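Report on the following structure.
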Amino acid sequence: MTLPLASRIALVTGASRGIGYATARALARAGAHVVAVARTQAGLEELDDEIRKEGGAATLVPLNLTDFDGIARLGAALHERHGRLDILVGNAGVAGPSSPLGHIDMKSWNDVMAVNVSANFQLIRCMEPLLKMSDAGRAVFVTSAAASKASAYLGPYAASKAALETLARAWAQETASSKLRVNLFDPGPIRTRMRASIFPGEDPLTLDTPEQVAEFIVPMCAPDWTSTGRLFEYKSRSLKNFREPA
């Protein structure tokens, strides 16, 4: 039986744990060769072991996404090795401080923006030519309801996700006439280390797992996925349009 993503090349950021780890495994099970990017070498090696056990294949890329030149070098290496990129999953993100805005220093602000926004901007710049070389390039960025809720004490994180959503939507419009499809995915509250750091009193056993979420990201990466510029909300299991502000 032919796997749905056989021979596809998939780049996943934040792949050493949480949603990125689960998504990388799910994409590999579907037949994709996964290019797994994360800062943590040990987490990447654990991922590689699991992918191999399940009959898949991966390329490990230990890279801090704030190394923007490193992202450019990765794009060049992918071009040289594969000549294209079929799937981009922009999952990596940091929560930042949980504090009133007036108590947050510039370094903390810049750190959140560098990972959650600027790194994804550089991925767009460096991976767009490769995705356009694919017969069905697919990009999915992991966002959060914090982008629209603007929750107190999560200002940098909320602002970064709002910026990410705007970037992805603009890119979707710019590429609407091409074969590239660009979308956003909102997992909602999921049993991850990041979630636990923001809400330490929450019982993680009441939350769905990254593995459950990943099963809904995989179809958005397939060649037969046609929507672009939209948001899949995991909680409601529905694809949503963005609305203009009232």
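The values are calculated or read from the model by the stated rules, or taken from the named source; none is laboratory data. Here the structure is a predicted model, which is why all the values come from computation and not from measurement. Cβ: placed from backbone, ideal geometry, glycine included. Neighbour counts: every protein chain shown. Areas reflect the complete protein model, heavy atoms only, side chains present, ligands, DNA and RNA absent. Shrake-Rupley method; radii C 1.70, N 1.55, O 1.52, S 1.80 Å.
Taking every DSSP beta bridge that has both residues in segment 16-144, what percent is antiparallel when rounded to the nearest 5? Kindly include the intermediate steps, with their values, before the conclusion.
Values: 0 of 10 bridges.
Of those bridges, close to 0 percent are antiparallel.
Relative to the Cα centre, what is the charge dipole magnitude of segment 2-85, using +1 at the beta carbon of each Lys and Arg, -1 at the beta carbon of each Asp and Glu, and rounding to the nearest 20 debye?
On the way: 10 positive and 9 negative charges, 53 e Å.
My answer is approximately 260 debye.
Suppose all protein chains stay in the model; what accessible area per residue would a 1.4 Å probe give for segment 15-141, in Å²? Write out the running numbers ahead of the final one.
Numbers: 5480 Å² over 127 residues.
That works out to 43 Å² per residue.
Report D for the chain in µm² per second (integer): Stokes-Einstein, Kirkwood Rh on Cα pairs, 25 °C, 0.890 mPa s. Let's see the in-between values first.
Numbers: Rh = 18.1 Å.
Rounded, D is 136 µm²/s.
Would you mind finding the longest exposed-site-free stretch of the chain, with exposed GluC sites (Glu not before Pro) meaning DSSP loop and at most 16 other Cβ atoms within 10 Å? Working shown, then result.
Working: sites that count: Glu54, Glu202.
With a cap of 16 other Cβ atoms within 10 Å, the longest stretch comes to 55-201.
Under the rule of at least 5 residues apart or a separate chain, name every residue whose amide H is placed under 5 Å from the amide H of Thr59.
When sequence neighbours closer than 5 places are left aside, the close amide H contacts are Val34, Val35, Ala36.
Multiply the residue separation of Lys107 and Glu215 by 0.36 nm, subtract the distance between their alpha-carbon atoms, and state the gained length in nm to one decimal. Working shown, then result.
Details: separation 108, 0.36 × 108 = 38.88 nm, distance 3.58 nm.
Extra length available between Lys107 and Glu215 comes to 35.3 nm.
Summing +1 for each Lys or Arg and -1 for each Asp or Glu, what net charge is found among the other residues whose Cβ lies under 10 Å from the Cβ of Leu88? Spell out each step's value before the answer.
Numbers: positive: Arg138; negative: Asp86, Glu128.
Result for the local shell: -1.
If we count trypsin sites (Lys or Arg not before Pro) as exposed when they sit in a DSSP loop and have at most 13 other beta carbons within 10 Å, what is the longest stretch of the chain that avoids them all? Walk me through the numbers on the way to the answer.
On the way: sites that count: Lys235, Arg237, Arg243.
Excluding the exposed sites themselves, the longest stretch runs over 1-234.
Could you give the dipole magnitude of segment 124-246 about its Cα centre, charging the beta-carbon of Lys and Arg +1 and that of Asp and Glu -1, in debye to the nearest 20? The partial results should precede the final answer.
Values: 16 positive and 13 negative charges, 46 e Å.
In total the dipole reaches around 220 debye.
What does the charge count near Ala32 come to, summing +1 for each Lys or Arg and -1 for each Asp or Glu among other residues with Cβ under 10 Å from its Cβ? Could the numbers behind the result be given before it?
Working: positive: Arg8, Arg29; negative: Asp86.
For residues surrounding Ala32, the net value is +1.
Quick one: if you stick a label point 7 Å off each Cα along the C-beta vector at Thr2 and Glu46, how many nm between them?
In this crude spin-label approximation the distance works out to 3.6 nm.
Which angle from 0 to 90°, rounded to the nearest 10, does the C-alpha axis of helix 41-53 make with the longest principal axis of the chain?
The angle comes out at about 50 degrees.
Where the only charges are on Cβ atoms (+1 Lys, Arg; -1 Asp, Glu), what is the dipole of segment 79-146 about its Cα centre, to the nearest 20 debye? Could the numbers behind the result be given before it?
Details: 6 positive and 6 negative charges, 22 e Å.
About 100 debye.
Of the heavy-atom accessible surface of segment 73-133 (probe 1.4 angstrom), what whole percent is carbon and sulfur?
Numbers: 1660 of 2980 Å².
That fraction is 56 percent.
Of Leu180, Leu207, Met194, whose Cα points farthest to the positive end of the dipole of segment 180-246 (charges on the beta-carbon: +1 Lys, Arg; -1 Asp, Glu; origin at the Cα centre)?
Leu180
Give the percent of DSSP beta bridges with both residues in the chain that are antiparallel, rounded to the nearest 5.
On the way: 3 of 30 bridges.
Percent antiparallel among DSSP bridges in the chain is about 10.
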